[in-house]
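No value in this document is a laboratory result; all are computed from the given coordinates. Bear in mind that the values here come from a model prediction, so they are computed numbers and not experimental data. Cβ atoms come from the backbone with ideal geometry, glycine included; neighbour counts cover every protein chain shown.
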Amino acid sequence: MAIMAGISLVISDMLILKIEEIYFIILNLCVGRIDKERDNSPDPKTVFFHTIKIIYGQAAIIIDHWFKIFDSKLIKAHLILMVKINSRIYDKKQAILCIGALHFDRLAHCLYPYQPKASNPVRYDITPGGVAHNIACDMAKLGGDIAILSLVGGDADGAEILINAAKSNLNIDLVTRDMTLNSASYTAVLDHDGDLATGLSDSEIYTHITSEFLKKKLDKIRQYGTWVIDANLSKDSIDFLVNNKGDATVFAAPVSPSKSLHLIDALKNIDIFIGNQREASIITGLPVENIDQAIVAGLAISQNSQIKMPKITIITMAADGAVINNDKLTAHFPIAPTNIVDANGAGDAFFAGFCYYYNINNNRIKNPDSEKTILIAAMKQAMAVASLTAEASGTIRDDLSLDLIKAKIRQLPEYIIY
């Protein structure tokens with residue numbers, strides 16, 4: 001009876017889907033989301049079949065909502081297969097593939113000053129996280145065609161994070177679910193003033209994203225023109241990817257000071273490095289405590305090899321803004337006036353803002369002057385997206401829009417060219 005009731009609820013929910021919602025799905029497919037390689041003129045058969053795929057994806061979300069009353073591994077397995085169908089077809093050479101972490105963050109906010117070795121009353125929040133995930137979601141909100149490659153477990157977290165990624169308009173075709181593993185997770189205990197008291201990271205599953213694992217997916221990976229690699233991957237895996245990048249443009253996200261060391265040997269094959277001052281200091285062995293030192297460190301990263309790669313290095317410095325180094329531009333960009341609510345995710349948002357703008361304008365670089373102009377505009381967008389994210393709660397700002405970004409850009413102080 002319970003199963004019949006559940007099925008009845010699902011059917012009733014599907015029957016009351018508004019006609020305009022289905023129309024929006026079809027419209028979304030027709031206006032450039034399918035086969036951009038065919039001049040945005042897909043044949044009717046293509047439109048029909050991919051419309052069915054998207055509707056299946058929406059149905060999967062409804063099914064998940066109602067079947068949470070059951071504990072059926074079979075139902076959940078089928079649900080994930082249905083959600084995986086919900087992947088958009090687009091020109092992958094213009095799309096961006098984010099490779100790395102996809103998991104839930106658990107934040108325990110202490111209601112009183114944190115007491116070690118004692119029970120602490122907290123308010124508990126669970127949010128989707130992972131550097132690759134956060135960057136991907138921010139770029140999807142800006143309008144990009146974004147895919148993610150990661151590995152999740154066979155537990156409830158694995159099912160839920162896939163559903164969330166699909167709802168965030170990410171292509172999850174390259175996400176693998178291993179039913180024998182537990183999904184990664186990060187737990188942060190925040191003192192009552194918001195500072196980190198302690199953090200607990202379970203990222204063992206990412207050690208299974210080996211070079212052999214990636215080799216099996218390499219043909220699909222190389223269909224994408226731009227890659228974002230986060231250093232949650234092992235050094236060997238990162239080296240494998242950059243040594244097989246072909247003509248892809250590769251961005252590197254160091255993730256943390258300790259994990260930034262995973263990038264050391266890969267830098268000569270990375271096009272764009274974006275990290276904070278602590279990560280830059282670990283990589284270069286130089287102090288990075290002010291703007292002048294950040295410029296020196298950025299140059300040291302770019303000049304680590306004879307071919308001078310990465311060709312662009314950006315070092316973020318929290319309240320002191322960010323510094324960019326390139327053979328066409330060395331400059332410091334101060335932050336916009338920001339009413340900070342939650343600085344978590346601001347670094348990932350900066351990364352997303354720069355990567356998205358640079359990717360969609362990269363083909364417009366015809367000469368040194370046009371490259372300089374694009375880099376300045378990309379930095380402004382990055383600064384604006386980071387500021388807007390810090391002004392909202394959570395690592396991803398739900399209402400992020402181009403209008404908000406344009407307004408924030410107008411508030412930016414003048415940048416300084418060196």
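Rounded, prolate or oblate: which one fits the range 126-201, using the alpha carbon gyration tensor with axes a ≥ b ≥ c (rounded when a/c is under 1.5, else prolate when a/b beats b/c, else oblate)?
Because a/c hits 1.5 or more and a/b fails to exceed b/c, the range 126-201 counts as oblate.
Check F104: other-chain or 5+ apart residues with amide H under 5 Å from its amide H, H built from backbone geometry?
Correct list: G129, Y186.
Starting from the Cα gyration tensor of the range 160-288, take the square roots of the eigenvalues, sort them a ≥ b ≥ c, and report rounded, prolate or oblate (rounded when a/c is under 1.5, otherwise prolate if a/b is larger than b/c, else oblate). Please report the intermediate quantities before stating the final value.
Numbers: a/c = 1.81, a/b = 1.10, b/c = 1.65.
Oblate, because a/c is 1.5 or more while a/b does not exceed b/c.
Given a Förster distance of 41 Å, report the FRET efficiency between D219 and Q115 from their Cβ-Cβ distance, rounded to the nearest 0.05.
0.15
Going by amide H atoms built from the backbone, whose H comes under 5 Å of the H on L190, apart from near neighbours?
Here A108, H109, C110, A197 satisfy the definition.
Read phi for every residue in the range 326-333 and hand back ³J(HN,Hα) as whole Hz from Karplus 6.51 cos²θ - 1.76 cosθ + 1.60, θ = phi - 60°, with x for Gly and Pro.
With the stated coefficients, the range 326-333 comes to 7, 5, 9, 7, 10, 8, 10, 10 Hz.
Let's see if you can work this out: charge +1 on each Lys and Arg Cβ, -1 on each Asp and Glu Cβ, no other charges. What is the dipole magnitude of the range 246-299 about its Cα centre, in debye to the nearest 20?
In total the dipole reaches around 140 debye.
Which of the pairs K92/K167; K216/K245; K328/K408; K311/K380 have their Cα atoms more than 22 Å apart in this structure? Display every interim value, and only then the final one.
Values: K92/K167 20 Å; K216/K245 14 Å; K328/K408 26 Å; K311/K380 19 Å.
In this structure, K328/K408 lie more than 22 Å apart at Cα.
When the Karplus curve 6.51 cos²θ - 1.76 cosθ + 1.60 is applied with θ = phi - 60°, which whole-Hz ³J(HN,Hα) does each residue of the range 158-169 get, with x for Gly and Pro?
Per-residue couplings from phi come out as x, 5, 5, 5, 5, 4, 4, 5, 5, 5, 8, 6 Hz.
Put +1 on the Cβ of each Lys and Arg and -1 on the Cβ of each Asp and Glu in the range 133-178; which of L162, A136, V175 then has its Cα farthest toward the positive end of the dipole?
Positive-end residue among those listed: A136.
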